[in-house]
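Asks: Let me give you the structure first, and then I'll get to my questions.
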């Protein structure tokens with residue numbers, strides 16, 4: 001066996017403990033190594049309910065959407081409909097002739113011209129000069145302007161974002177935070193790619209993802225909303241109350257934000273999926289673009305996507321949590337491990353997490369894919385204990 005059953009039992013005990021203690025209503029784990037797949041489910045789909053979670057349960061995967069968007073972009077790069085170092089101005093004229101704030105906290109009018117245009121590569125590597133700011137909403141002129149244009153930086157909000165053309169026009173009315181290429185900033189690059197992929201392909205973003213990624217890979221339960229007949233499989237989402245730590249309803253299944261198609265299908269945080277669907281995606285990347293019925297991307301494209309693209313200078317002034325880029329880099333839409341400082345930190349391991357409670361990584365050295373799906377949102381950008389425990393338990397189960 002590629003994975004030790006007795007050690008997988010240890011994983012089961014620890015994961016079940018999160019449910020029995022009431023920390024998480026339900027969760028699903030999946031570990032796949034060299035074709036050997038182990039999936040386990042625990043708990044229920046909603047607090048107080050009696051519907052058990054299963055490997056067919058559907059979860060809001062939030063930022064695990066970003067790697068999918070990067071794959072969509074690279075499909076178009078390989079078809080020469082996009083080029084990595086081409087300015088985005090041709091297809092996104094709203095982002096041409098950028099101005100850059102002199103001071104991130106200063107007035108919107110106090111700007112200098114951008115040194116160069118934003119490129120497709122900038123969007124993929126999150127170095128376009130615009131992204132999330134770890135500050136209270138409305139605390140600066142720029143953040144106030146973003147909120148007034150429905151460009152807020154909070155949790156996924158499918159119902160609160162305008163359609164793509166309106167959204168990109170609103171973004172283009174604001175200055176950049178930093179010069180293109182200067183530093184890494186989270187999130188906005190993937191949102192812009194939602195619009196870019198649609199315009200480059202000539203079809204809505206959600207249609208392109210479905211026809212070019214989800215259908216070929218058999219990801220039948222992945223999309224931007226859950227159809228009515230399947231809503232019984234969508235888990236209820238929860239936040240943690242900051243003062244009490246108790247679980248608070250974030251989004252129900254029936255009548256919730258993912259029960260209908262959004263106006264803006266977000267390539268940063270909009271998808272729902274299952275563990276088996278995301279295994280198919282993660283395995284395709286682990287297999288350098290191949291899947292059972294063909295090839296989605298070339299080997300060189302996958303190798304590029306999963307290689308660290310950030311310079312030491314960019315890393316020195318960037319990060320999602322302190323010290324993150326000391327042992328990680330950023331490829332196209334996903335993290336890449338660059339130094340082994342944990343049991344699971346194999347150099348070259350790539351993937352990303354979803355702040356609403358999910359995680360996926362593929363490890364070329366160990367030929368392994370790990371997927372964790374819960375319905376409890378993270379309380380900070382740092383991975384919660386259940387993620388760290390899951391990764392530790394997956395790697396301690398390796399049997400060679």
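The values are calculated or read from the model by the stated rules, or taken from the named source; none is laboratory data. Here the structure is a predicted model, which is why all the values come from computation and not from measurement. Reconstructed Cβ throughout: ideal geometry from the backbone, glycine too, with neighbour counts over all protein chains shown.
Asks: Can you go through 284, 305 and tell me which one is over 28 Å from residue 56 (Cβ atoms), within 19 Å of the chain's Cα centre (by Cα) and not assigned by TED's automatic domain parsing to the domain that holds residue 185?
Replies: 305
Asks: Condition (residue is free of Cβ contacts under 8 Å to residues at least 40 places away in the same chain and either farther than 22 Å from residue 65 by Cα or touching a helix residue (DSSP H, G or I) at 6+ places or on another chain (Cβ under 7 Å) (or both)) applied to region 118-126: is it met by at least one residue?
Replies: Looking for residues that are free of Cβ contacts under 8 Å to residues at least 40 places away in the same chain and either farther than 22 Å from residue 65 by Cα or touching a helix residue (DSSP H, G or I) at 6+ places or on another chain (Cβ under 7 Å) (or both), one finds none in region 118-126, hence no.
Asks: Okay, next question. Kindly provide the set of residues from region 149-173 that are assigned to a loop (DSSP other than H, G, I, E, B), free of Cβ contacts under 8 Å to residues at least 24 places away in the same chain and either surrounded by fewer than 16 Cβ atoms within 10 Å (Cβ to Cβ) or not assigned by TED's automatic domain parsing to the domain that holds residue 89 (or both), ordered by number.
Replies: Correct list: 150, 152, 154.
Asks: Now for a different question. Right, residue 221: in contact with a strand residue (DSSP E or B) (Cβ under 9 Å, 6 or more places away or on another chain), assigned by TED's automatic domain parsing to the domain that holds residue 52, modelled with pLDDT of 95 or more and part of a loop (DSSP other than H, G, I, E, B) or not?
Replies: yes
Asks: Modelled with pLDDT under 95 and over 15 Å from residue 186 (Cα atoms): which single residue out of 287, 308, 341 fits that description?
Replies: Just a single option satisfies the conditions, and that option is 341.
Asks: If you don't mind, there's one more thing I want to ask. Given the options 76, 92, name the one that is over 19 Å from residue 291 (Cα atoms), touching a helix residue (DSSP H, G or I) at 6+ places or on another chain (Cβ under 9 Å) and touching a residue at least 40 places away in the same chain (Cβ under 8 Å).
Replies: So the residue among 76, 92 that is over 19 Å from residue 291 (Cα atoms), touching a helix residue (DSSP H, G or I) at 6+ places or on another chain (Cβ under 9 Å) and touching a residue at least 40 places away in the same chain (Cβ under 8 Å) is 92.
One line per residue, one yes/no per condition, for (1) touching a helix residue (DSSP H, G or I) at 6+ places or on another chain (Cβ under 8 Å); (2) in the same structural domain as residue 371 (by TED's automatic domain parsing):
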| site | (1), (2) |
| --- | --- |
| 12 | no, yes |
| 55 | yes, yes |
| 88 | yes, no |
| 107 | yes, no |
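Asks: Next up: Name the one entry in 193, 176, 231 that is touching a helix residue (DSSP H, G or I) at 6+ places or on another chain (Cβ under 7 Å) and in contact (Cβ under 8 Å) with a residue 24 or more places away in the chain. Break it down stepwise before answering.
Replies: Numbers: 176 fails: touching a helix residue (DSSP H, G or I) at 6+ places or on another chain (Cβ under 7 Å); 231 fails: touching a helix residue (DSSP H, G or I) at 6+ places or on another chain (Cβ under 7 Å).
Result: 193 is the single residue among 193, 176, 231 that is touching a helix residue (DSSP H, G or I) at 6+ places or on another chain (Cβ under 7 Å) and in contact (Cβ under 8 Å) with a residue 24 or more places away in the chain.
Asks: Within region 270-349, considering only helices (runs of 4 or more DSSP H) that don't extend past its boundaries, which have at least 3 residues that are more than 30 Å from residue 206 (Cβ to Cβ) and out of contact with any helix residue (DSSP H, G or I) (no Cβ under 6 Å at 6 or more places or on another chain)?
Replies: Counting at least 3 such residues, we get 312-316.
Asks: Give region 251-269 a look and list any residue that's out of contact with any helix residue (DSSP H, G or I) (no Cβ under 7 Å at 6 or more places or on another chain) and surrounded by 18 or more Cβ atoms within 10 Å (Cβ to Cβ), or say none.
Replies: 251, 256
Asks: Given the condition touching a helix residue (DSSP H, G or I) at 6+ places or on another chain (Cβ under 6 Å) and more than 16 Å from residue 370 (Cα to Cα), answer yes or no: does some residue in region 29-43 qualify?
Replies: yes
Asks: Hey, another quick one. For region 231-250, enumerate the residues that are surrounded by 17 or more Cβ atoms within 10 Å (Cβ to Cβ) and not in a loop (DSSP other than H, G, I, E, B). Talk me through it step by step, then tell me what you get.
Replies: Filtering region 231-250 for residues surrounded by 17 or more Cβ atoms within 10 Å (Cβ to Cβ) gives 231, 233-240, 247, 250.
Those that are surrounded by 17 or more Cβ atoms within 10 Å (Cβ to Cβ) and not in a loop (DSSP other than H, G, I, E, B): 231, 233, 234, 237, 238, 239, 240, 247, 250.
Asks: Do you know which of the residues in region 372-383 that are buried (at least 20 other Cβ atoms within 10 Å of the Cβ) and assigned to a loop (DSSP other than H, G, I, E, B) is farthest from the chain's Cα centre (by Cα)?
Replies: 375
Asks: Same structure again: I'm checking my understanding of the structure. Among residues of region 27-43 that are in contact (Cβ under 8 Å) with a residue 40 or more places away in the chain and either more than 22 Å from the chain's Cα centre (by Cα) or farther than 16 Å from residue 15 by Cβ (or both), which one is surrounded by the most Cβ atoms within 10 Å (Cβ to Cβ)?
Replies: Checking each candidate, the answer is 32.
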